[in-house]
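Student: Pasting a structure below so you can have a look.
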Protein chains: 4
Amino acid sequence: MKIGLLTSGGDCQALNAAMRGVVKGLSETVDKLEVYGFEEGYKGLIYGNYRLLTSVDFSGILTKGGTILGSSRQPFKMMRIPDANGLDKVEAMKSNYHKLNLDCLVILGGNGTQKTANLLREEGLNIIHLPKTIDNDIYGTDMTFGFYSAVNIACEAIDCIHTTAASHNRVFIVEVMGHKVGWLTLYAGIASGADIILLPEIPYDNDKIIDAIQKRKKQGKGFTILAVAEGAISKEDAALSKKELKKKRENEPHPSVSYRIAEMITQRTGSEARVTVPGHTHRGGSPCPYDRVLCTRLGSAAAKAIVDGKFGNMVAIINGETKLVPLEKVAGKLKMVDPGCKLIKEAKRTGISFGD
Amino acid sequence: MKIGLLTSGGDCQALNAAMRGVVKGLSETVDKLEVYGFEEGYKGLIYGNYRLLTSVDFSGILTKGGTILGSSRQPFKMMRIPDANGLDKVEAMKSNYHKLNLDCLVILGGNGTQKTANLLREEGLNIIHLPKTIDNDIYGTDMTFGFYSAVNIACEAIDCIHTTAASHNRVFIVEVMGHKVGWLTLYAGIASGADIILLPEIPYDNDKIIDAIQKRKKQGKGFTILAVAEGAISKEDAALSKKELKKKRENEPHPSVSYRIAEMITQRTGSEARVTVPGHTHRGGSPCPYDRVLCTRLGSAAAKAIVDGKFGNMVAIINGETKLVPLEKVAGKLKMVDPGCKLIKEAKRTGISFGD
Amino acid sequence: MKIGLLTSGGDCQALNAAMRGVVKGLSETVDKLEVYGFEEGYKGLIYGNYRLLTSVDFSGILTKGGTILGSSRQPFKMMRIPDANGLDKVEAMKSNYHKLNLDCLVILGGNGTQKTANLLREEGLNIIHLPKTIDNDIYGTDMTFGFYSAVNIACEAIDCIHTTAASHNRVFIVEVMGHKVGWLTLYAGIASGADIILLPEIPYDNDKIIDAIQKRKKQGKGFTILAVAEGAISKEDAALSKKELKKKRENEPHPSVSYRIAEMITQRTGSEARVTVPGHTHRGGSPCPYDRVLCTRLGSAAAKAIVDGKFGNMVAIINGETKLVPLEKVAGKLKMVDPGCKLIKEAKRTGISFGD
Amino acid sequence: MKIGLLTSGGDCQALNAAMRGVVKGLSETVDKLEVYGFEEGYKGLIYGNYRLLTSVDFSGILTKGGTILGSSRQPFKMMRIPDANGLDKVEAMKSNYHKLNLDCLVILGGNGTQKTANLLREEGLNIIHLPKTIDNDIYGTDMTFGFYSAVNIACEAIDCIHTTAASHNRVFIVEVMGHKVGWLTLYAGIASGADIILLPEIPYDNDKIIDAIQKRKKQGKGFTILAVAEGAISKEDAALSKKELKKKRENEPHPSVSYRIAEMITQRTGSEARVTVPGHTHRGGSPCPYDRVLCTRLGSAAAKAIVDGKFGNMVAIINGETKLVPLEKVAGKLKMVDPGCKLIKEAKRTGISFGD
C-alpha cells in the first residue's frame, strides 16, 4: 500500500501526533506500506516535492510540536487558474498523485485545506481529511486537534497577566487568535477567569465594557481582565458594510481591536489599560495530552478507513467517538459560537460579560 | 437563600473551581445569599463544623488545587449505625442541615460520596451533587472533574520517564492511580506513548507482556514503557475467588502489582525493569484549563438548578452539554472501561498492547 | 519588634516568597513580632495605608505570583517637592514610620525603589532592601529575584515560536522586556536557541542581521528566530542625541523596535517577518524553584540582619552566598551587560549573532 | 579536526544541549570537523560502537531530554582487569581512540565517569570532561548540569502533594533521588516549602521529626511535608559500621528510608503518613532554561579549550564564569552539603527542620 501525507495551512501542536497515529495504525495491519510525505502542504503535491518516510521518522514525534513535513498557506484561490508558468495546479496535484500510484492521500488541515481536499476528491483522488486547527471551527466534528493545546497556552498567558493585574489594580487586555470564530478566546477566557470576553460572534458595546469594569470596582476588585479575540468587533462596526468598515479601519491609528479597546478604556476610565499579544505562541510547543489522545484516535481511525477503502471522508470526533463524515457535506462550512448556546449562558451566569 | 457546600473523599484539582462556579452563579441572580462551608467533608456536617463564606473566599481560587474546605474519606459504612458515643450520623447531618435552615446542600465528591448524597436526598434534604474524581468512573456523566488534570500530571511523569528509558534502553513501569477502573491509566498511557497499558478491566497475561517487549526489540527499540493501573490484575489472579486472592497476596513479597510485573520481566528478559510510583501527585496542583472550564459550567448549571428548585440531581456533562441526572438513577453504579470499546480498539490498532 | 513591609515598582514573581522568608525568619527568633504591610508601594507609606499582617497572610504564598500588598510605580521624581495638596512625601513617609514606631522597614523593589530606600536611610530610618526585578540590573548583587522566573516564561514563548517558525520557514521576532538592560533577553535567547539576540547594550547593524539570516538559509535552515529587547537600538540611532532620537521616533510608523526590524527584514529578504510581544506575561505566574530558593535565602538573611541591627543594607547574593551590601554604595547604579564579557563571547562562539 | 563524544552514567536533562554547545562552538571556528559519537557511554568506546554525526544530528536538540548517544553505567571497577573474553577495557578504549585518530574526546558524566576520564588522561588521551549530574555533587564546579532541571521536577511533585496534604491534613513524605549527597533534596525541599528536609549529610533523630510535626499542629497546621533523600539516615544507623548496617537493613521490612520514617510517624502520631516516590522522573523531560544556558556555556568553553589545546580539564562554572579545572585535582572527590553552611542556617531560620 502506498499513501501520501501532507499538512497544510497554519501549523498547530499535534500534527505530528496525528500522522504518527495514521502510520502506526497502518503499520500494524498492512504488509508493505510506503509512506510519502509532501513538503510544505499542497506546494509539495503541486511541485512534486516529497520524501519517502520510514518508521524512524515517526518515532518520538508524539510530543513534538509543528510538523515534520513543513506547511504553507495554500494557494487555493488560484486553484484551477494556470499560474504565470502555465501550471494548472489541480492537474499538477493529480498528476503527482497518480505518478506515485498512491492508494490514498491523507490531508491534515483546517477549513481552507478541507475545501481543496474536497476538490481533489471530486477529481477522483482517494482522500482522508483530519481536522486540524487551533480555532475549532471545522463543521462536522465536535473538536479539532490543536484547539486544547492552544487553549492551554493562551490560558497560561492570561494566568500570568492575572497576578500582575491584581498587584497593580490594572485593566489588562490579552488578545487571543481567532479572526472569524471565538472558540479559543471563549475557552481560554473562561479557564483563566477573564472578566470580559469579546468574540467575533457577539459584537460588543463600549458602554457594556465600561459598565463591567465599574461593577468590579464597586465590588472592591481594582483589576479587570479582558480576553479579546483578534476578530472581535463593536456593534457599530458590525453594522457597517464591508467597504465602509475597510475605509474606517484605514483611518484608525490602531489596526488591532485590542489597542482600540484599550484606548477607549483609558479615555473613559482614566486608568491606563495594557495590551498583551501572545500571538503565534498559541500554535507552538508540545501538544497537550488531550490532543495527543485525540490524534492517536483520529489517526488510528483514519488507518482503518484507508484499509476499509472508505475514502472521501473527514475523520471527526462526535460525542466522544470517532466518525467518518463525508467531505462533500462539510467542506466550506464554518462552526461558529452560537451567542445563545448553553455555554455562553453558563458563563454569563457566573458574571462574565460578553460586552453585549 | 442559604446553601451549604461540602467536599468529600480524596481531593482533586478543580474542587475550588467548581465551588466558585456555584457561588458566582448564585451571586449574580440571588439577592441575599448565605454560603456555609462544612469542613472536612461529611465530618463537618455530622459534627456541625462549618463557617460562613464570603466572596473573598471564592476570589482567586479558580486555579488553586485542593479544597478550601478540607476533605476526608467518608464514614459511609457506619452511616445509620450509632457510633461509640451513640451518635446517629445520618440524624446528625439532617439536624445540622435543618438548624441552618439550608435551601440546598451542594456536595462535591466521587462514587462513595454520591451514595451518601442520595441517602440524604431520600431523607428529604435538597441535594445537588457535582461529580468529582480523578478516576472518571462516575456513572451518568461523560466526564468527571479532576480527571484531565490528573491525566496531565500522570502524562508528564511518563514523558519524563520516556527520555531516560530511551537513553538507557530500559523497561520502565509507571504506576498510575486507579484501583477499580482504568480510565486514568488508559488516557495517560495513550497520551504519553506507553507501549503496554494494563487496566483493572482487562486482566493481563505475562506471556503477552513479554511478547510485546520482544517485538519492540526486534523493531530496534531497546526500551519499553508500561503504564500500569494500581488495580491491574493477571488472568490467573482474576480467576481466583476474593478469599483465595487475599491469601495469595499475603504471601507475595510485593504488595504492588507494578513491582510484581517488574520482577517477572526482569526474570524472563534478563534486563532489569524499573518502577516509578508518582502516587498522590496525580491529584495535586493547579487544575488544567479543561477542568476549569468544566467546573465553571457544572457550577453555573448547579446554580441554575438550585434557583429552579431542581434538587436531587447530579450535574453531569453529556455530549458537551450540562444535564441534570437524578441521583436515584446513578448512585451506586460504576462507569468502567469496556474492553471492547472503540477507544481500546483504536489504541490496539496503533500497536499498544493491553496484555490480553 | 515591629517591622514594615512594602513592595514597589513593577511586580514580579517571587515578591510573596521573599516577604514570607523575612517573616518566617523573624517569627522563629523574635518573641513579639508585629508586621505592618503598606499597600501599593510607597503610596501606602506616604498616605498611611497599611494593615497588620498575621501568619495566615504568609501561609501558602511561597508559590503565589504578584504581591499580596499591591504595588505601584513610585513617585520618586517628586520626592521632596510638596504635591498639589502641599504634602511633602518624604516627611509623610518618615512620619508614618515613626507613628507606627517601626524597628525596621523592609523594602522590596528595583533600581528606582532602591534609590528612595537609600533616601529614607539618609533620613534616619532603619531600612533593609531586597533586590527585586525581572531585569537583573541591580548593581551589587549577582542575581535579582524574578529574573529566572521571567527567563522561564520568555523562554517558553520562544520555544512555542520555534515549532511554528520551523514548520513554516519563517523569520520570527520575539520582543522581550528590558528597556535599558538586556540580561533577560540574553538568557531567554540563549536558552531558547535564538539565532539573533539584540540587546540595548550592543547596538545592531541591519546588514549583520540580514547576513545572519542569509547564512542560515545557506546552511539549509529556512527559519530564523530573533530575541529582541524592548530597548534594542540600531547603530545609527545610538549615534544620535536624545533630542534627535526623540524626533526620529515621532516620525516612525512603528513605536516598537521589533516592528521596525520586522519591516526591514521583510523589505530586504522578501519574506515576511512576524512579531510576537508576550509583554507583561514575563512578570506573572508562580515563581520558579530557583527564585523560591533565592527568596527564602534573601528573606532569611534579611531577618538575621534585622535581629543583628544591621540596617541600611541591600541583601545581595554574591558567589552563591547572601551578603549585606550598603545601600549608599549601590543606589543609583545600574548593572548592564558588558558586550565583551565571557558569556557574550561564549554565545557568539556557538554561532549566535548579536547584530554587531 | 576529529573529536569524539560520549555520555556515561545515569542520563539527565541537558546532555544533548551540552553536546550541541560543543559542536556548535567548534563548527564556527574549525574548518573540517568530524564528530564521532560513541554509543552507550564507555561501552561504545570499548567495543568500537560509534557513528559519524553531522549538523542535522545537533539540530533541534537543545530542548530534548536524554542523550542521542545513549548511556550506560560504566564498568569502572573492572577497568584494567581483562573480562571473560580476555578484553582489557582500558587498552580497548585507547585503541579505538587512536584508530579514529581523534584530536580530543569529550566525556559527559558524573563522578564515576570523571574518574575514568582522568584515567584515560593519564593514559595520554586528550580529554575534556563536562560535569553532568542531577546530584550536583561534582567537586570543583559550583553547579552541574541536570541539577536545576531535576530540582524543578522534584519541586513540581512536592507542589502537587502540597495541595492534597493541605486538603486532608496529612503527613506526606516525598522521596528525592540522592544516595550520598543531598543537594537535590535540599533545593527541592526549600523551593517547595517542605517542613522537614532529611539529607544523607545530616543524620536525623526520630524525636526531632515528631517534634516538628507536633509544633506545626500547635500552630494550627494539620499537615506536614517531608522531603527525604534516598540516602537519608538516622543517627543510630549512622553510628553503625557498614557491616552492622547491612545486617540491620536485611531484617527491615522496608528497604527504603521513606517507608521506615512513614511507619515511625504513623506509629507515634496515630495518623497515617503517605509516601510518594517520583524516582526516575527527576532525570527526565526537557532541560530547564537554566541548564540550557549553562550547557551552551560549558559546551562553548569546551570548544575553546579544544581549539586552544587545553586538554585534561573539566569545564566548570565558578562564580558565574566558565573555568578549566585539571581533572587530576578533582577526580575522585565528592562535593557534599556542609551541615554548617549558610544555606542550611538560612533554611533553619525560616523554621525548616533537618531532623537534627
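Student: Mind checking whether some residue in region B:253-267 is surrounded by 15 or more Cβ atoms within 10 Å (Cβ to Cβ), among the polar types (S, T, N, Q) and within 23 Å of the chain's Cα centre (by Cα)? Reasoning before the result, please.
Tutor: Filtering region B:253-267 for residues surrounded by 15 or more Cβ atoms within 10 Å (Cβ to Cβ) gives B:256-265.
Checking which are among the polar types (S, T, N, Q) leaves us with B:256, B:258.
Imposing the further condition that a residue be within 23 Å of the chain's Cα centre (by Cα) reduces the set to B:256, B:258.
Yes, region B:253-267 has at least one match.
Student: Could you check, for region A:300-311, whether at least one of its residues is surrounded by fewer than 24 Cβ atoms within 10 Å (Cβ to Cβ), more than 21 Å from the chain's Cα centre (by Cα) and either farther than 27 Å from residue A:1 by Cβ or among the acidic types (Asp, Glu) (or both)?
Tutor: As a first pass, look at region A:300-311 and keep what is surrounded by fewer than 24 Cβ atoms within 10 Å (Cβ to Cβ): A:304-311.
If we keep only those that are more than 21 Å from the chain's Cα centre (by Cα) as well, we get A:304-311.
Now narrow it down to the ones that are either farther than 27 Å from residue A:1 by Cβ or among the acidic types (Asp, Glu) (or both): A:308.
Checked region A:300-311: at least one residue is surrounded by fewer than 24 Cβ atoms within 10 Å (Cβ to Cβ), more than 21 Å from the chain's Cα centre (by Cα) and either farther than 27 Å from residue A:1 by Cβ or among the acidic types (Asp, Glu) (or both).
Student: I need the full set of residues from region C:219-248 which are among the hydrophobic types (A, V, I, L, M, F, W, C), outside any helix (DSSP H, G or I) and more than 20 Å from residue C:348 (Cα to Cα), in order please.
Tutor: Of the residues in region C:219-248, the ones among the hydrophobic types (A, V, I, L, M, F, W, C) are C:223, C:225-229, C:232-233, C:238-240, C:245.
Checking which are outside any helix (DSSP H, G or I) leaves us with C:223, C:225-229, C:232-233, C:239-240.
Scanning region C:219-248 gives C:239, C:240.
A quick yes/no check of all residues on (1) β-branched (Val, Ile, Thr); (2) touching a His at 6+ places or on another chain (Cβ under 9 Å); (3) crowded, with 22+ Cβ neighbours inside 10 Å; (4) in the same structural domain as residue D:132 (by TED's automatic domain parsing):
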site: D:10; (1), (2), (3), (4): no, yes, yes, yes
site: D:18; (1), (2), (3), (4): no, no, yes, yes
site: D:39; (1), (2), (3), (4): no, no, no, yes
site: D:60; (1), (2), (3), (4): no, yes, no, yes
site: D:66; (1), (2), (3), (4): no, yes, yes, yes
site: D:72; (1), (2), (3), (4): no, yes, no, yes
site: D:82; (1), (2), (3), (4): no, no, no, yes
site: D:90; (1), (2), (3), (4): yes, no, no, yes
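Student: Quick check: is even one residue across region B:53-74 of a type in the set (Ser, Thr, Tyr) and assigned to a helix (DSSP H, G or I)?
Tutor: To start, the set of residues in region B:53-74 that are of a type in the set (Ser, Thr, Tyr) comprises B:54-55, B:59, B:63, B:67, B:71-72.
Those left that are additionally assigned to a helix (DSSP H, G or I): B:55.
Yes, because at least one residue in region B:53-74 is of a type in the set (Ser, Thr, Tyr) and assigned to a helix (DSSP H, G or I).
Student: Just to be sure I understand, how many residues within region C:139-154 are within 12 Å of chain A (Cβ to nearest Cβ) and on the phi < 0 side of the Ramachandran plot? First the steps, then the outcome.
Tutor: Initially, region C:139-154 is screened for residues within 12 Å of chain A (Cβ to nearest Cβ), giving C:146, C:149-150, C:152-154.
Cutting the leftovers down to on the phi < 0 side of the Ramachandran plot gives us C:149-150, C:152-154.
Total meeting the criteria: 5.
Student: Cβ contacts < 7 Å: first residue assigned by TED's automatic domain parsing to the domain that holds residue C:269, restricted to region C:207-221; second residue in a loop (DSSP other than H, G, I, E, B), any location; separation 6+ or different chain. Result?
Tutor: The qualifying pairs are C:208/C:355; C:208/C:356; C:209/C:355; C:212/C:195; C:216/C:195.
Student: Could you list all residues from region B:94-121 that are within 25 Å of the chain's Cα centre (by Cα) and in a helix (DSSP H, G or I)? Break it down into steps so the answer makes sense when it comes.
Tutor: Narrowing region B:94-121 to residues within 25 Å of the chain's Cα centre (by Cα): B:104-121.
Residues satisfying the conditions are B:111, B:112, B:113, B:114, B:115, B:116, B:117, B:118, B:119, B:120, B:121.
Student: For region C:250-272, enumerate the residues that are farther than 21 Å from residue A:275 by Cα and aliphatic (A, V, I, L, M).
Tutor: The answer is C:264, C:265.
Student: Show the residue pairs that are 6+ apart or on different chains and have beta-carbon atoms under 6 Å apart, the first residue being within region B:146-157 and in the same structural domain as residue B:175 (by TED's automatic domain parsing) and without any contact (Cβ under 8 Å) to a residue 40 or more places away in the chain, the second being in a helix (DSSP H, G or I) and not β-branched (Val, Ile, Thr).
Tutor: B:155/A:289; B:155/B:188; B:155/B:191
Student: Which of (1) part of a loop (DSSP other than H, G, I, E, B); (2) touching a residue at least 60 places away in the same chain (Cβ under 8 Å); (3) farther than 30 Å from residue D:195 by Cα does residue C:40 not meet, given it meets every other one?
Tutor: Evaluating residue C:40 over (1) part of a loop (DSSP other than H, G, I, E, B); (2) touching a residue at least 60 places away in the same chain (Cβ under 8 Å); (3) farther than 30 Å from residue D:195 by Cα leaves (2) as the failure.
Student: May I ask you to list the residues in region C:156-189 that are buried (at least 24 other Cβ atoms within 10 Å of the Cβ) and in a loop (DSSP other than H, G, I, E, B)?
Tutor: Within region C:156-189, C:178, C:182 meet the criteria.
Student: Within region D:155-200, take every residue that is over 23 Å from the mean Cα position of the chain (by Cα) and of a type in the set (Gly, Ala, Ser) and give me the one that is nearest to the other protein chains (Cβ to nearest Cβ).
Tutor: Among those residues, the one meeting the criterion is D:167.
Student: Just checking, which of D:250, D:328 is surrounded by fewer than 23 Cβ atoms within 10 Å (Cβ to Cβ), within 14 Å of another protein chain (Cβ to nearest Cβ) and more than 30 Å from residue D:31 (Cβ to Cβ)? Break it down stepwise before answering.
Tutor: On the way: D:328 fails: within 14 Å of another protein chain (Cβ to nearest Cβ).
Just a single option satisfies the conditions, and that option is D:250.
Student: Can you tell me how many residues within region D:306-351 are within 29 Å of residue C:303 (Cα to Cα) and part of a helix (DSSP H, G or I)? Let's see the steps before the verdict.
Tutor: Step one: list which residues in region D:306-351 are within 29 Å of residue C:303 (Cα to Cα), which gives D:318-320, D:335-351.
Pick out the ones that are also part of a helix (DSSP H, G or I) and you get D:342-349.
Matching residues across region D:306-351 total 8.
Student: Can I ask one more? Restricting attention to region B:72-91, does a residue exist that is out of contact with any Gly (no Cβ under 6 Å at 6 or more places or on another chain), closer than 23 Å to residue B:295 by Cα, β-branched (Val, Ile, Thr) and away from chain D (no Cβ under 14 Å)?
Tutor: No, that holds for no residue.
Student: Can you pull out the residues in region D:306-318 that are away from every other protein chain (no Cβ under 11 Å) and farther than 18 Å from residue D:147 by Cβ?
Tutor: Start the filter on region D:306-318 by keeping residues that are away from every other protein chain (no Cβ under 11 Å), which leaves D:306, D:308-314, D:316.
Within region D:306-318, D:306, D:308, D:309, D:310, D:311, D:312, D:313 qualify.
Student: Related question: Does residue B:318 satisfy being in contact (Cβ under 8 Å) with a residue 40 or more places away in the chain and assigned by TED's automatic domain parsing to the domain that holds residue B:139?
Tutor: On the way: in contact (Cβ under 8 Å) with a residue 40 or more places away in the chain: yes; assigned by TED's automatic domain parsing to the domain that holds residue B:139: yes.
Considered against the rule, which asks whether it is in contact (Cβ under 8 Å) with a residue 40 or more places away in the chain and assigned by TED's automatic domain parsing to the domain that holds residue B:139, residue B:318 comes out as yes.
Student: Here's something else I'd like to know. Before we move on, is residue A:30 over 17 Å from the mean Cα position of the chain (by Cα) and part of a helix (DSSP H, G or I)? Before you say what the answer is, go through the steps one by one.
Tutor: Numbers: over 17 Å from the mean Cα position of the chain (by Cα): yes; part of a helix (DSSP H, G or I): no.
No.
Student: Still on this structure, I have one more. Only one of these is small (Gly, Ala, Ser), outside any helix (DSSP H, G or I), on the phi < 0 side of the Ramachandran plot and in contact (Cβ under 8 Å) with a residue 12 or more places away in the chain: B:25, B:10. Name it.
Tutor: Values: B:25 fails: outside any helix (DSSP H, G or I).
Within the list B:25, B:10, the selection yields B:10.
Student: Taking residue B:296 as the residue in question, decide whether it is buried (at least 22 other Cβ atoms within 10 Å of the Cβ), modelled with pLDDT of 95 or more and more than 22 Å from the chain's Cα centre (by Cα). Walk me through it before giving the result.
Tutor: Working: buried (at least 22 other Cβ atoms within 10 Å of the Cβ): yes; modelled with pLDDT of 95 or more: yes; more than 22 Å from the chain's Cα centre (by Cα): no.
Criteria not met by residue B:296.
Student: If you go through region D:267-305, how many residues are within 14 Å of chain B (Cβ to nearest Cβ) and part of a helix (DSSP H, G or I)? I'd like the intermediate steps shown before the answer.
Tutor: Residues of region D:267-305 that are within 14 Å of chain B (Cβ to nearest Cβ), as a first pass: D:271-288, D:291.
Imposing the further condition that a residue be part of a helix (DSSP H, G or I) reduces the set to D:279-283, D:291.
Total meeting the criteria: 6.
Student: Same structure again: What about residue A:321, is it within 11 Å of chain B (Cβ to nearest Cβ) and surrounded by fewer than 22 Cβ atoms within 10 Å (Cβ to Cβ)?
Tutor: yes
Student: Let me ask you something else. Consider region C:268-293. How many of its residues are charged (D, E, K, R) and within 17 Å of the chain's Cα centre (by Cα)? I'd like the intermediate steps shown before the answer.
Tutor: Looking only at region C:268-293, we keep the residues that are charged (D, E, K, R), and these are C:268, C:272, C:274, C:283, C:291-292.
When the remaining residues are screened for being within 17 Å of the chain's Cα centre (by Cα), the result is C:283, C:291-292.
Qualifying residue count, region C:268-293: 3.
Student: When you look at residue C:316, is it farther than 28 Å from residue D:315 by Cα and either surrounded by 17 or more Cβ atoms within 10 Å (Cβ to Cβ) or modelled with pLDDT of 95 or more (or both), yes or no?
Tutor: Details: farther than 28 Å from residue D:315 by Cα: no; either surrounded by 17 or more Cβ atoms within 10 Å (Cβ to Cβ) or modelled with pLDDT of 95 or more (or both): yes.
So residue C:316 fails the test.
Student: Inspect all residues belonging to region D:133-141 and state whether any of them is assigned to a helix (DSSP H, G or I), out of contact with any Leu (no Cβ under 6 Å at 6 or more places or on another chain) and surrounded by 21 or more Cβ atoms within 10 Å (Cβ to Cβ).
Tutor: Taking region D:133-141 as the starting set, the residues that turn out to be assigned to a helix (DSSP H, G or I) are none.
Within region D:133-141 (the criterion being assigned to a helix (DSSP H, G or I), out of contact with any Leu (no Cβ under 6 Å at 6 or more places or on another chain) and surrounded by 21 or more Cβ atoms within 10 Å (Cβ to Cβ)), the answer is no, since none of the residues qualifies.
Student: Taking interchain pairs and intrachain pairs at least six residues apart, which have beta carbon atoms under 9 angstrom, with the first residue in region B:331-352 and more than 8 Å from chain A (Cβ to nearest Cβ) and the second β-branched (Val, Ile, Thr) and assigned to a strand (DSSP E or B)?
Tutor: B:333/B:138; B:334/B:138; B:335/B:138; B:352/B:196; B:352/B:197
Student: Could you tell me whether residue D:216 is within 14 Å of another protein chain (Cβ to nearest Cβ), part of a helix (DSSP H, G or I) and touching a helix residue (DSSP H, G or I) at 6+ places or on another chain (Cβ under 6 Å)? Break it down stepwise before answering.
Tutor: Working: within 14 Å of another protein chain (Cβ to nearest Cβ): yes; part of a helix (DSSP H, G or I): yes; touching a helix residue (DSSP H, G or I) at 6+ places or on another chain (Cβ under 6 Å): no.
It is false that residue D:216 is within 14 Å of another protein chain (Cβ to nearest Cβ), part of a helix (DSSP H, G or I) and touching a helix residue (DSSP H, G or I) at 6+ places or on another chain (Cβ under 6 Å).
The values are calculated or read from the model by the stated rules, or taken from the named source; none is laboratory data. It should be emphasised that the depicted structure is a prediction, and the values quoted were computed from it without experimental measurement. FYI the Cβ positions are ideal-geometry reconstructions off the backbone, even for glycines, and counts take in every protein chain you see.
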